[in-house]
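First up is the structure itself, then whatever we jot down about it.
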Amino acid sequence: MRKRNSLHAIAAIALLVTAGVARAQCVPAVRAISQPSAFPNLVAGPVATTGSIIGVAKSDTTTGAPAVFFSTYNTDLNPLTADRQIADSSAKIVALLWNGSEFGLFYQLPNYILMLQRIDTNGNSIGAAVSIVNHPWGGEDEVDVIWSPSRGAYGVARTVTNGPDRGVWMTVVSPAGSVVADSQLTLFFNIPAVPRAAALPGGAFAATWIRNGGPLFLSIVPASGFGPSFSVSDRTVTSAQVASDGNTIMVIFSSTTIVGMVTGTELRSSQFDLSGNRLTPDAPFLTGSGTDVIPLHLHWNPALSEWALTYNDAASGANGFPGEIHFRRFRSLDVIASDTLLSPDPVRGRLNAPYPIVFQNGAYYATIQRLLSRVEGSESYLLRICPFFVTARSNVALAQPFAPVTFTANGSGGTPPYQFTWNFGDNGIATGPAVQHLYSAPGTYTITLTGTDTAGATSITTTQVVIRVDTPGKRRAVRH
């Protein structure tokens with residue numbers, strides 16, 4: 001039994017070492033996809049990952065109805081396949097998703113019909129594009145697409161703004177493009193309704209949408225068909241994002257506020273169980289640096305057990321000078337892991353990031369862009385973002401009163417160099433990567449380490465030390 005426990009301990013240590021090495025090896029990177037006045041000018045769009053290959057959809061912004069292209073990259077952002085044309089023309093690229101065996105590229109034609117093109121890992125089209133035309137399409141219609149691994153199908157949350165089918169719908173589409181289920185969520189919605197979708201366990205979907213007058217609603221669509229809708233907020237909501245960790249549903253949304261004589265927005269949040277029962281109230285989540293703050297994408301990352309949110313902090317207003325695109329990681333609504341600029345290069349922190357981020361091999365990947373004009377083209381980049389982590393280590397687990405305890409901090413990811421602040425749990429504080437502290441009274445103390453990198457990202461961790469009078473000798477160090 002002792003040998004088996006020793007093997008388990010060795011395996012656990014090896015896992016920690018491996019994880020530390022993987023984090024240390026992540027280096028932020030930026031790759032230019034398109035540059036102003038450089039042609040052909042293919043602006044970077046949505047990204048998707050197979051786990052080892054990054055697919056990037058692109059559009060030719062030099063034409064009024066852009067052609068759609070696709071290429072692949074490795075984790076170092078080096079091209080694996082050349083740009084290959086997928087569609088002759090489009091009105092908009094909607095989504096790029098990996099379904100476990102192939103990429104699914106969703107885009108709208110100039111007449112707004114939604115199309116699905118299947119693509120293999122070499123960037124080759126699989127068959128012809130398939131149209132999703134179970135309801136009429138119009139210029140004010142909105143659409144969001146998500147892949148459900150448990151359902152083995154795509155969920156398409158969309159609005160129909162004209163005709164007898166007017167309403168918000170959740171349409172389930174097979175990997176080949178056929179409609180397998182269709183549910184109307186409501187007749188009454190705002191324009192824009194900003195529908196957003198999340199995949200739930202068991203083949204169900206969740207969708208958020210804005211009703212007339214601004215209130216935000218959440219609809220649960222079970223695999224069996226129609227489901228209930230619930231109020232998320234009675235406030236005036238302008239945009240929302242939704243995601244699920246498999247146990248709960250998180251909704252982050254932008255709501256209007258009035259500070260003094262200025263009308264702006266704040267980010268608010270609410271969390272629900274998978275049946276739509278509210279777990280946390282409609283409450284403030286984040287206040288921007290100025291007038292408006294807008295959620296761009298919300299993602300659950302099971303590899304790090306954290307939520308990842310991209311948002312636009314528009315100090316001068318959403319309709320004014322471009323804001324800063326931020327990236328916030330959090331374990332729960334009250335535990336923030338990090339908040340920093342999305343771009344590793346602060347100079348490009350004001351470029352737009354309209355598409356979801358993805359996680360692969362210890363790093364997040366995203367695209368940022370700035371559309372100029374048909375003559376000038378666009379400026380866009382593919383990013384690798386390394387999550388910022390700190391670890392805290394004490395030289396002993398047990399100590400006597402007034403015996404010095406040494407604490408050591410280490411940082412990885414983010415943007416070095418790092419700064420470290422310690423709170424020793426007895427009102428004592430210190431700064432620096434290696435510090436000492438004396439405890440005067442017996443007890444169990446929780447030590448909090450806060451790390452900050454040069455881009456402004458923060459990471460917080462804790463460790464514990466027990467102080468007691470009868471501490472026998474020197475004890476082994478503890479790392480958290």
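None of the figures in this text is laboratory data; all of them are computed from the coordinates on show. Predicted, not measured: the structure shown is a model, and the values here were computed from it. Positions of Cβ are backbone-derived with ideal geometry, glycine not excepted, and every protein chain shown enters the neighbour counts.
Scalar couplings 3J(HN,Hα) for the stretch 279-290, obtained by applying the Karplus form with A = 6.51, B = -1.76, C = 1.60 to θ = phi - 60°, are 9, 10, x, 5, 9, x, 10, 7, 10, x, 7, x Hz; x denotes Gly and Pro. Taking amide hydrogens as placed 1.01 Å from N in the peptide plane, the amide H of A455 sits under 5 Å from those of T415, each at least 5 positions away in sequence or on another chain. To the nearest 500 deg cm²/dmol, what mean residue ellipticity at 222 nm is calculated for the chain from DSSP H runs of n ≥ 4 alone, each contributing -39,500 (n - 2.57), summed and divided by the residues? Result for the chain, helices only: -2000 deg cm²/dmol.
Using the per-residue mean of other Cβ atoms lying within 10 Å as a proxy for protection, in what order, highest first, do the peptides 244-255, 72-83 fall?
Numbers: 244-255: 21.4, 72-83: 14.8.
Ranked by mean Cβ neighbours within 10 Å, highest first: 244-255, 72-83.
Between the helical axis of 2-25 and the longest alpha-carbon principal axis of the chain there is an angle of about 60 degrees. Think of the chain as a dipole: +1 on every Lys or Arg Cβ, -1 on every Asp or Glu Cβ, centred on the Cα centre; then among I220, A403, P36, A403 lies furthest on the positive end. Applied to the stretch 193-204, the Karplus parametrisation 6.51 cos²θ - 1.76 cosθ + 1.60 on θ = phi - 60° returns per-residue 3J(HN,Hα) values of 9, 6, x, 9, 10, 9, 8, 10, x, x, x, 7 Hz, with x for Gly and Pro. Taking amide H atoms as placed 1.01 Å from N in the peptide plane, the amide H of S233 lies under 5 Å from those of L216, each 5 or more residues away in sequence or on another chain.
Residues whose amide H lies under 5 Å from that of F205, counting only those 5 or more places away or on a different chain, are L200, V221; hydrogens are built 1.01 Å from N in the peptide plane.
What is the chain by shape, rounded, prolate or oblate, if you read a ≥ b ≥ c off the alpha carbon gyration tensor as root eigenvalues and call it rounded for a/c under 1.5, prolate for a/b larger than b/c, and oblate otherwise? Prolate, because a/c is 1.5 or more and a/b exceeds b/c.
Report the per residue volume, in Å³, of the convex hull enclosing the C-alpha atoms of the stretch 389-479.
Values: hull volume 6.6 nm³, N = 91.
Convex hull volume per residue, Cα atoms: 72 Å³.
Counted by Cβ distance under 13 Å from A32, the other residues give a net charge of +2, where Lys and Arg count +1 and Asp and Glu count -1.
Which of the peptides 351-360, 136-145 is most tightly packed, and how do the rest follow, going by the mean number of other Cβ atoms within 10 Å of each residue?
Values: 351-360: 20.3, 136-145: 17.5.
Final packing ranking: 351-360, 136-145.
Per-residue packing, averaged as other Cβ atoms within 10 Å, sorts the ranges 425-434, 41-50, 115-124 into the order 41-50, 115-124, 425-434, beginning with the highest.
When both bridge partners sit in the stretch 355-480, DSSP labels roughly 95% of those beta bridges antiparallel. The C-alpha atoms of the stretch 104-180 occupy a region whose extents along the principal axes are 40, 30, 16 Å, arranged from largest to smallest. Computed from backbone phi with θ = phi - 60° and the Karplus coefficients 6.51, -1.76 and 1.60, the 3J(HN,Hα) list for the stretch 74-91 is 8, 5, 8, 6, 8, x, 9, 10, 6, 5, 10, 6, 9, 9, 6, 7, 7, 9 Hz; x is used for glycine and proline. Per residue, the convex hull spanned by the alpha carbons of the stretch 334-377 comes to 119 Å³.
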